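Worksheet for the structure shown next.
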Amino acid sequence: MKNKIVAVVAGFALMLAASLGLQAQASNTRAHVEALASPRLEGRLAGTNGERLASDYIVGELTKIGAKPLPGQLDFRLPFEFTAGTKDGGSTVRFEGGTGNARALSFSDNGDADGAVVFAGYGIVVLEGQGFGYDSYATLDVKDKIVLVLRYFPEDAEQKTKGILARYADLRYKAMAARQRGAKAVMIVAGPRSPNAGELVPMTFDTALAGSGILAVSITGDDAKLMFRQAEKSLEEAQKSLDDANPHATGFALPGVSVRMHAAVERERRTGHNVVGYLPATVPVGTMAKPWVAVGAHYDHLGHGEAGNTLAGKEDAGKVHAGADDNASGSAAVLAVAATLAKQPRRRNVVFGFWSGEELGLIGSSAFATKPPIAIESLAAYLNFDMVGRMQDNKLTVQAAGTSPAWARLIEQANVAAGFDLAVQEDPYQPTDVATFNLASVPSLSFFTGTHADYHKPSDTADKIDYEDLDRVVDFAASIVKRLSDAPEAPAFTKVDQKLQTGGGRAGVRLFTGTIPDYSTEVKGLLLGGVIGGGPAEAAGLKKGDVIVEIAGQTITNIYDYTYALDVLKIGQPAKVVYLREGKKLETTLTPAARK
Ligand SMILES: [Zn+2]
């Protein structure tokens, strides 16, 4: 008996030891990352079934820890609409002898046009200041005409010239050039001497909410050849005469051709879902300043890479992008912070936001901040996690620290226990959801463990995550949230001046305007989501909500027009800006600065 009892006790002790040992090793984040990065979720692209399965998981975990939907909401899921892609809706180009075959370009307006056709060569206009003059329209009158242009750029040009022309060969830019010269529509053909000769142009992934202000379709090489029937040169001869990029070679009107065009783009609207819950304060918030703290991460990723932002090599094209570090790691961190806080008393309500559509342009968090279910001014602070699972050499990057004078001390205090080698960055204008909250004037921080070779590739998988350090990031952040939720005063917001424009502009543009476009709202012109503190746009008196419709004489119907218009601006030279504010047309002068 005795022995037996001893054996039983010893058995219990072993089990206890085993379970303690297991607990000491169990990660607070591993199960979450493995669930979210599982191939079953197919890369969690916004608006897909994979996103839905991921949101189910998050809702389940929030429910487990006792979080609730935000006040006034029945559900943790907060839907938002966005443009997920485009397809052709039956575009045609009809003319005598032609097939009628055509395909809209993704950015085309919808509508009909008919009339005479002018061949405008490559349809390229190089703006002045490039050391090379080239204007396909120099000798052509295309007003109220339908323009036919070649895809790409002159095939036999010297490398250096090609480089310049290539910058202006984007089809959006060609369409804008035609529109600005009064053409009613533009047709594109891949010439017989070009790659993809004669083929229709595939539609591209395009999240633009509206067309570019002109009808634009591609036609087949055979149809284009037919249009040259009565011209002095064949299509091939015409292309050949242009291919050495001689700036004096020109296009010409195509005699005897009259076309009827129907352009139709179906913009696929999809619904994405943010998942947002909260843990109410455990004591009445009373008159506490800004009684909410928010913690968030995007949980969407790239799906199979179909949105075009994948870095997968050819051999991995189309595979599930697991997105373990980007950003199952951040989502897991938010869930783990929530689980920690659920066991503690708090004097503020704490929101947990899981954003979707981040990879498509911060769409989910922007939708949340545009129509916030709780007053955005009542947020004392926002902490963001994006890619926090691949720590190297104990280094943790803390971004956006310039958004409040309170951060330096809070970060330092929390790091006494954590012991990270911190890289603190002031800049809140980051390509992640922290930018959204900074724009909304919420003191914010974003945590990041650095990029790696698996970034935006199918190989960003759960087995490569460093869970021990991810758990340390969670503890570190949870202690900051705890302090934030208990401090009687809320951190003050500091607007960070930023001289360097990140993203938005095209390569080679050395010029800085300090505008922050809002991609989430349908509008003709460039809607400003904000202006960069201390930048030229702010100095010009522009602000969030303004819609720029003209700059330096260039009409602006969308963000793309704007990025092209940047090419005509000169550093230090004032440019007239026409903009709409609350429906009123106003003018100001903006003086672009140099990028630093
Ligand atoms: Zn990403």
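Of note:
- Between N309 and K585, full extension at 0.36 nm per residue minus the direct alpha carbon distance yields a gain of 95.7 nm.
- Scanning residues 5 or more positions from G533 or on other chains, those with amide H under 5 Å from its amide H are Q498, with H placed 1.01 Å from N in the peptide plane.
- Under 11 Å, Cβ to Cβ, from G303 - net charge with Lys/Arg +1 and Asp/Glu -1: -3
- Across the stretch 577-592, computed HN-Hα scalar couplings (Karplus, 6.51 cos²θ - 1.76 cosθ + 1.60, θ = phi - 60°) run 10, 9, 9, 9, 10, 6, x, 8, 8, 10, 10, 8, 10, 10, 10, x Hz from first to last residue, x flagging Gly and Pro.
- Note, ³J(HN,Hα) from phi for the stretch 261-266, Karplus 6.51, -1.76, 1.60, rounded to Hz, x at Gly and Pro: 10, 10, 10, 9, 10, 9
- Approximate spin-label separation K570-D486, in nm, with each point projected 7 Å along Cα-to-Cβ: 6.1 nm
- Label-point separation in nm, K64 to A423, each point 7 Å along Cα→Cβ: 3.3 nm
- In this structure, A31 and D141 have a Cβ-Cβ separation that, at R0 = 56 Å, corresponds to a calculated FRET efficiency of about 0.25.
- In degrees, nearest ten, helix 467-486 long axis to first principal axis of the chain (Cα): 80 degrees
- Fully extended contour minus Cα-Cα distance, from N394 to E268, at 0.36 nm per residue: 41.0 nm
- Solvent-accessible area assigned to carbon and sulfur over the chain amounts to 53 percent, based on a 1.4 Å probe.
- Protein heavy-atom accessible surface, 1.4 Å probe, per residue over the stretch 155-271: 43 Å².
- The sum of -39500 (n - 2.57) across all DSSP H runs of n ≥ 4, divided by the residue count of the chain, sets its helix-only mean residue ellipticity at 222 nm to -7500 deg cm²/dmol.
- The long axis of helix 407-418 is offset from the longest Cα principal axis of the chain by roughly 50 degrees.
- Segment S258-K464, extension gain: residue separation times 0.36 nm, minus the distance between their alpha carbons: 68.1 nm
- Spin-label model distance (nm) - E237 vs V416, 7 Å beyond Cα toward Cβ: 8.6 nm
- Applying both filters, DSSP loop and at most 10 other Cβ atoms within 10 Å, to the trypsin sites (Lys or Arg not before Pro) of the stretch 141-239 gives K143.
- For M387, the solvent-accessible surface computed with a 1.4 Å probe is close to 10 Å², ligands and nucleic acids excluded.
- Exposure of R103 as accessible area (Å², to 10), given a probe of 1.4 Å and all protein chains: 80 Å²
- With Cα atoms, 0 to 90° folded angle of helix 330-342 axis to the chain main axis: 30 degrees
- Efficiency of FRET between D112 and Q230 - r from beta-carbon atoms, R0 30 angstrom, step 0.05: 0.75
- If only the Cβ of Lys and Arg carry +1 and only the Cβ of Asp and Glu carry -1, the dipole of the stretch 306-356 around its Cα centre is close to 580 debye.
- J(HN,Hα) series, the stretch 535-546, from Karplus relation 6.51 cos²θ - 1.76 cosθ + 1.60, nearest Hz, glycine and proline x: x, x, 5, 5, 4, 7, x, 6, 8, 3, x, 5
- Violating pairs (Cα-Cα greater than 19 angstrom) within the set K524/K585; K162/K314; K87/K184; K174/K225; K395/K495; K174/K576: K162/K314; K87/K184; K174/K225; K395/K495; K174/K576
The values are calculated or read from the model by the stated rules, or taken from the named source; none is laboratory data. Note that this is a predicted model, so its numbers are computed, not measured. Neighbour counts are summed over all protein chains in view; Cβ atoms, including those assigned to glycine, are modelled from backbone coordinates with ideal geometry. Each accessible area value is taken on the protein alone, full model and side chains, heavy atoms only, with ligands, DNA and RNA left out. Shrake-Rupley method; radii C 1.70, N 1.55, O 1.52, S 1.80 Å.
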